[in-house]
Structure formats: structure tokens, C-alpha cells
Amino acid sequence: MTTPDTLTPSQLNALARNLLEDSFPLVWVEGELGNVARPASGHLYLTLKDARAQVRCAMFRPKAGRLTFQPREGLHVRVRGRVTLYEARGEYQMVLEHMEEAGEGALRRAFEALKARLQAEGLFEDARKRPLPRFARRIGVITSPTGAAVRDVLSVLARRFPLADVEVLPVQVQGDGAAAQITAMLRAAAASGRFDVLLLTRGGGSLEDLWAFNDEALTRAVADCPVPVVSAVGHEIDFSLTDFAADLRAPTPSVAAELLVPSQDDLRQRLAALARGLDKQQGLRLREAIQRADRAALRLNALRPQARLEALRQRQNEALRRLQAAWRQRSERERATLRHAATVLRGAHPQRRIERLRERLQTLAPRPQAAIGRRLSHEALRLRGLARSLEAVSPLATVARGYAIVQHDDGRVVRSVLDAAPGDRLQTRLSDGSLRVRVESDGDDASR
């Protein structure tokens, strides 16, 4: 027998579940993954733990399918979910809605997001990058003055090219304020105009240690720097945003120093090779000059100066004879031209031209009178012909034969008895004048 206050295990678990779910809203928890299991159902089961405790968690398939990374043992994550109780076993657990990497994983996501955004702006394009000077006279090294990186850089530069003037520009390379300090130093060094190239470097470390070199403001300052920038941050496997924005990325600080300056041994060897080549070229040029001098001496000996002078004298005399002949021909042509011009000028004298025009005027003077007479006779004949033609078709000629023209006062011709009515006054034109008549009756009355 049970008392009214006695609960069954399922009732107790249901009450506990309701109490947990009502007391806790969605919560964020950060910890390390353990006991990760993903059965065929697609659900994800795991334990979230720290150094002192752990809590069982479940993420069902729809949520687990949207994860952007693979959960694994030991991974540090941040999760969001609700606290509940699995009634069948009476186990307290969290049902997860979201999971993301914490610590370095979160930094890696922020790194990739900022890298993608700056790359889309064209900040890492090869077209923006400039070549380094072949022989850098002044090199600015922006780094920590106490780190191993600066010692490696200075050692390599001194060994390879001691002529270079190297100046260490001390900055903080890790922790709060490091990015702003590096950015300010980079801009000040570029504005000073003292350096041919700038080296931005530090030793290796975790992503969090190198995070100052992933700062957006520093990356943009590197890309906009008017002085060529070399970035050597961390080890060969480490990449920072300043590496992508710089004009050259070196895998390590030592390699960066080797890329900045030439090797003095290589330069000595090259100078020696150039000196040998110069000596060889000078010897060759000297031998060629001696050979040319020998050939010139042979030609000079073969040609006696007296013979050359005689040949030149003959050429001069021949040229003088040709010049005199050409001058005579030119003079004859000019005189002939002058004689012809004088003849033409005499023929074109104004007095002779006036006489010819006067003779022509006398010849042409009678012609207009004769032409006018012939024209008047022709026009008179034509006029008489037109008069006869007009007279033949004139109505006056018809009237002269005994006919008359009957007209109304407005000039309309009466052509039929129907064109006049009794009482109309008409004008009758005869050959020697006109009569005014009045119509007494129409044609029918006259017949009656």
C-alpha cells in the first residue's frame, strides 16, 4: 500500500525534468569533448567536461548535421542548449542546439573570415606587390628587441651583407596593444623616408600568440605602406594576414634576412667573374686593335702618298674641265633664252597691239548696221504673216460678211434662242458699230 505522498520513479523523474527545464533557460557552456559517439541514427552523444566535473549532452540529427567541423575527443568547444532530464534512466543532461570551437578554433574562424573579406577587397592581389630593392642600404626591423627573431635577423644580415645599415624598431609583438603599437611604428618608419625596406617579424608561437599580426588595421597599414614590406611571422607552417598583405612573405626570420640582402660571398665571386670577363674583353679588344693597325699600315705602305696626290690632281683637273664645259653649255642656253624672250617682247609691244585692234575695229564697224537691217526686215515679214493669220480667225471678218454678234450686258454671247428671254436687252455688234435691242418674244412666239 502507498501513501498519497508517495511517487513512482517515472513521476519523480517527470517532476525533476519539469523543474530543470523551467529553472534553466538556454545556457552557454564551455568545456572539453569526451566520449563522442555518433551512431547510425545521426544523433550526436558526448560528454562535456572540465578538470572537476562533466555533463552528458545530446545533439539530435537535424542540429548535428549543420556542424561545420568534426567533433572529436579533447576538442575545446562552446555549446548552447537547454538543461533537461532523461526520464527513462533518470540522467541529467543537456540537449544541444549549437556547438562551435572555442579557443584557437574560434580564432581560426575569425582569421578565415577576415582573410576572405580582405581578399575580396583585393588587398592581397599580386598586382599591388612591389619588388624589393636589389641592394638595400637601410633596413628597418620592426620586432621585439629581446626575442630570438631579432638575433637571428641581425646575425644573418651581418654575415651576408655587412654594408647594410640595420635599425631595430622595438615594439611589443604579443598581447594587448601589440597590434596598435606595431601599426604605429610601421607608419612612422614609412613616413620618415629613411628606409629602403621594412621587415616585420617575430618568432613562432600559437595562433593566439601570433594574433597581433592578424589585426585588420595592421594588415591594411602593411598593404598601404609606401616602403616595401617583408613579413616573417612565426615558423614556416604559420601564416598571418600580414604575410598575405606584405610585398614578400618569408617562412622564418632567418630566411627573410637572406632574402633582404645579397650574400657577400656571392658578390665577391660575381665581382671576380666580372673582372675576369673584363680582362678577357680588354685583351680581345686590344688584339683586334693591333690587327686593325697592322692592316692599316699594310694598306698605307701599298699606296704611295705621291701616287695618291697625282690621282687626286687628275681628278681635280677632270672635274674642272667638266665644270667649265657645263658652264659654257649653261651660258649658251641662257643666251638663247634671252634672244627668244626679246623676240616675244618685241611682238607683244603695246603700239603694235593697238594698231592691230584698230584695224579689226574698222573691219567690224559696218557689220552691226547690216545685221540690224536684216533683223528688222525679218521681223516685219513675220508681223505681216501673224496679222494675216489673226485676220483669218477674227470674228470681225465674219461680221463684215453680214453677220452680227449678240451679247448680254455682262458679255455673254447669245448662241441660241434659249439664251434670251422676252424683255432682255441685248447688244448687237455689226461690222461698223453696235445696236441696243430688246427681245419681244421667244422663238416659239415668232413661229406663231
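Tell me which residues come under 5 Å, amide H to amide H, from D424 once H is placed; ignore anything under 5 positions away on its chain.
V439
Hey, how many Å between the Cα centroid of region 111-173 and the Cα centroid of region 406-427?
129
Quick one: Karplus J couplings for region 286-291, per residue in order, coefficients 6.51, -1.76, 1.60, θ = phi - 60°, nearest Hz, x for Gly and Pro?
After applying 6.51 cos²θ - 1.76 cosθ + 1.60, I find 5, 5, 5, 5, 5, 5 Hz.
Under the √(5λ) rule applied to the eigenvalues of the Cα gyration tensor, what semi-axes describe the equivalent ellipsoid of region 148-193? Give them in Å, descending.
Semi-axis lengths for region 148-193 are 24, 15, 5 Å.
Quick one: Cα centre-to-centre distance for region 318-362 and region 192-237, in angstrom?
The distance from the Cα centre of region 318-362 to that of region 192-237 comes to 96 Å.
In sequence order, what are the phi-derived ³J(HN,Hα) couplings for region 70-75 according to the Karplus relation 6.51 cos²θ - 1.76 cosθ + 1.60 with θ = phi - 60°, rounded to whole Hz, with x for glycine and proline?
For region 70-75, the Karplus curve yields 9, x, 8, 4, x, 6 Hz.
Trypsin sites (Lys or Arg not before Pro), restricted to region 67-142: which are DSSP loop and have at most 16 other Cβ atoms within 10 Å?
Listed in order of number, the matching sites are R72, R89, K129, R134, R137.
So, taking all protein chains as they sit and a 1.4 Å probe, how much accessible area belongs to R339, in Å² rounded to tens?
For R339, the solvent-accessible surface is approximately 140 Å².
Please enumerate, by chain and number, the lysines with C-alpha under 27 Å from the C-alpha of K63, excluding those fewer than 8 residues away in the same chain.
K49
Keeping all protein chains in place, calculate the accessible area per residue for the chain (probe 1.4 angstrom), answer in Å².
69
Where does each of H378, H76 land when they are ordered by accessible area, with a 1.4 Å probe and the largest first?
H378, H76
Between T143 and residues 5 or more places away or on another chain, which pairs have amide H atoms under 5 Å apart, with H built 1.01 Å from N, and which residues are they?
Residues meeting the criterion, in which the H sits 1.01 Å from N, are L169, V171.
Taking the simple approach of a point 7 Å from Cα along Cα-to-Cβ for both R82 and L418, what is their distance in nm?
Computed distance between label sites R82 and L418 equals 12.0 nm.
Do you know the relative contact order of the chain, to the nearest whole percent, from alpha carbon pairs under 8 angstrom that are 6+ apart?
Reported relative contact order: 8 percent.
Using amide H atoms built in the peptide plane, which far-off residues or other-chain residues are under 5 Å from A102 H to H?
Here the answer is H76, V77, R78, since their amide H atoms fall under 5 Å of that of A102.
Taking every pair of alpha-carbon atoms in region 133-262, give the share separated by more than 25 Å as a whole percent.
Taking all Cα-Cα pairs of region 133-262, the fraction more than 25 Å apart is 13 percent.
Quick check: pseudo-label points 7 Å beyond the Cα along Cα→Cβ at Q264 and T6, how many nm apart are they?
That separation, rounded to one decimal, is 9.8 nm.
Given all pairs of different Cα atoms, what value in angstroms does the Kirkwood hydrodynamic radius of the chain take?
Here the Kirkwood hydrodynamic radius works out to 38.2 Å.
For region 9-102, what relative contact order do you get, as a whole percent, if you take Cα pairs closer than 8 Å and at least 6 residues apart?
Worked out over region 9-102, it gives 33 percent.
HN-Hα J couplings of region 34-42 from phi, Karplus 6.51/-1.76/1.60, θ = phi - 60°, integer Hz, Gly and Pro as x?
Per residue, the Karplus-derived 3J(HN,Hα) values read x, 6, 6, 9, 9, x, 5, 5, x Hz.
Lysines within cross-link reach of K129: Cα-Cα under 23 Å, excluding same-chain residues under 8 positions apart?
Straight-line reach from K129, under 23 Å: K115.
Counting helices only, and only those DSSP H runs with n ≥ 4, report the 222 nm mean residue ellipticity of the chain as the sum of -39,500 (n - 2.57) divided by its residues, in deg cm²/dmol to the nearest 500.
-16500 deg cm²/dmol
Treat every Asp and Glu Cβ in region 9-102 as -1 and every Lys and Arg Cβ as +1, leave all other atoms uncharged, and give the resulting dipole magnitude about the Cα centre to the nearest 20 debye.
Around 220 debye, computed over region 9-102.
Taking a 1.4 Å probe, which of T68, T47 shows the most accessible area, and what order do the others take after it?
Ranked from most to least accessible, the order is T68, T47.
With viscosity set to 0.890 mPa s and temperature to 25 °C, compute the Stokes-Einstein D of region 9-102, Rh being the Kirkwood radius across alpha carbon pairs; µm²/s, no decimals.
Answer from the Stokes-Einstein relation: 179 µm²/s.
With a 1.4 Å probe and all protein chains left in place, how much of the accessible area of the chain comes from carbon and sulfur atoms, in whole percent?
Roughly 55 percent of what the probe reaches on the chain is carbon or sulfur.
With only Lys, Arg, Asp and Glu charged, each at its Cβ (+1 for the first two, -1 for the last two), find how big the charge dipole of region 133-262 is about the Cα centre; round to the nearest 20 debye.
580
For region 1-158, with the dipole built from +1 on Lys and Arg beta-carbon atoms and -1 on Asp and Glu ones, taken about the Cα centre, which of G74, N35, F111 lies farthest toward the positive end?
F111
What net charge is computed for the residues neighbouring L186, neighbours being all others with C-beta under 12 Å from the C-beta of L186, Lys and Arg scored +1, Asp and Glu -1?
With Lys, Arg at +1 and Asp, Glu at -1, the net is 0.
The values are calculated or read from the model by the stated rules, or taken from the named source; none is laboratory data. Remember, predicted model here, so these are calculated numbers, not experimental data. As a convention, Cβ positions derive from the backbone with ideal geometry for all residues, glycine included, and neighbour counts pool all protein chains shown. Note: accessible area is taken over every heavy atom of the protein model, side chains too, but ligands, DNA and RNA are not part of it. Shrake-Rupley method; radii C 1.70, N 1.55, O 1.52, S 1.80 Å.
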